[in-house]
Amino acid sequence: MVSSDSGTVIGSVVVSGSEETIAGAQVSSVSQPGLTVVTGADGQFRLTGLSTGSQTLAVTKPGYVGTNRIVTVSIDQHSDLGQIGLAVNTEHGLVRGLITDSQQTALATVNLVLTGPESYQAASNSQGVFELANIIPGTYSFNLDKTGLLQ
């Protein structure tokens, strides 16, 4: 339940130094545990129900260096944080890409497995995009699996 003495914070999460949006980043209130949202495919978020006054928001996503932002929340107002940049974590790898067929049509729900010192799994989203984060250094093989997909 949202209090009548609460406000909303909006913004977007991007890769630091670029306009590339980050989907699936978590935006959480540090002072109000449990108030958390996840950015959409466009990197946008809307966190409602925040108590008025100064709030610290934590922005995190595996494979990136998290950050905190302080914002003043007002009753029944939208506080816009604008773009929040997250740097790629350079201590671990990040594999991100787009899966298409031979006509360059995006392929959704392709299962991906990265095998090496550790194994990682992901599936492409409805736009054919996938991301594997926090990959430890090493040599890997990459396999794709989708019914009807020729490998």
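The values are calculated or read from the model by the stated rules, or taken from the named source; none is laboratory data. On a predicted model such as this, the values are computed, not experimentally measured, just so you know. Positions of Cβ are generated from backbone atoms using ideal geometry, with glycine treated the same way; all protein chains shown enter the neighbour counts.
Side notes on the structure shown:
- Annotation note: Cβ proximity below 9 Å between a residue of the range 15-30 that is farther than 17 Å from ASN68 by Cα and a residue that is of a type in the set (Asp, Glu) and in a loop (DSSP other than H, G, I, E, B) (sequence gap 6+ or interchain) occurs for THR21/ASP42; ALA23/ASP42.
- Residues in the range 31-51 that are under 25 Å from HIS92 (Cα atoms) and either in contact (Cβ under 8 Å) with a residue 60 or more places away in the chain or assigned to a loop (DSSP other than H, G, I, E, B) (or both): THR39, GLY40, ALA41, ASP42, GLY43.
- Applying a threshold of 6 Å to beta carbon distances and a minimum spacing of six or more residues, or different chains, the list of pairs starting in the range 76-96 at a residue that is closer than 20 Å to ASP42 by Cβ and ending at one that is basic (Lys, Arg) reads LEU81/ARG69.
- Only a single item in (1) in contact with an Asp or Glu (Cβ under 7 Å, 6 or more places away or on another chain); (2) surrounded by 16 or more Cβ atoms within 10 Å (Cβ to Cβ) is not met by ILE75, and it is number (2).
- Which listed residue, of ALA58, ALA123, is surrounded by 13 or more Cβ atoms within 10 Å (Cβ to Cβ), of a type in the set (A, V, I, L, M) and within 16 Å of ILE22 (Cα to Cα): ALA58
- Filtering the range 52-104 to residues that are under 17 Å from ALA25 (Cβ atoms) and in a loop (DSSP other than H, G, I, E, B) leaves LYS61, PRO62, GLY63, GLY66, ASN89, HIS92.
- No other residue among VAL37, VAL27 is under 13 Å from the mean Cα position of the chain (by Cα), crowded, with 19+ Cβ neighbours inside 10 Å, on the phi < 0 side of the Ramachandran plot and assigned by TED's automatic domain parsing to the domain that holds TYR64 apart from VAL27.
- Residues of the range 136-147 satisfying the condition of being modelled with pLDDT of 90 or more and closer than 27 Å to GLY66 by Cβ: TYR140
Each row is one residue, and each column tells you yes or no for (1) touching a helix residue (DSSP H, G or I) at 6+ places or on another chain (Cβ under 9 Å); (2) exposed (fewer than 13 other Cβ atoms within 10 Å of the Cβ); (3) of a type in the set (D, E, K, R); (4) under 30 Å from SER6 (Cα atoms).
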position	(1), (2), (3), (4)
GLY85	no, no, no, yes
PRO117	no, yes, no, no
ILE136	no, yes, no, no
LEU144	no, no, no, no
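- Taken as a whole, the structure leaves GLU131 outside the set of residues that are in a loop (DSSP other than H, G, I, E, B) and under 20 Å from the mean Cα position of the chain (by Cα).
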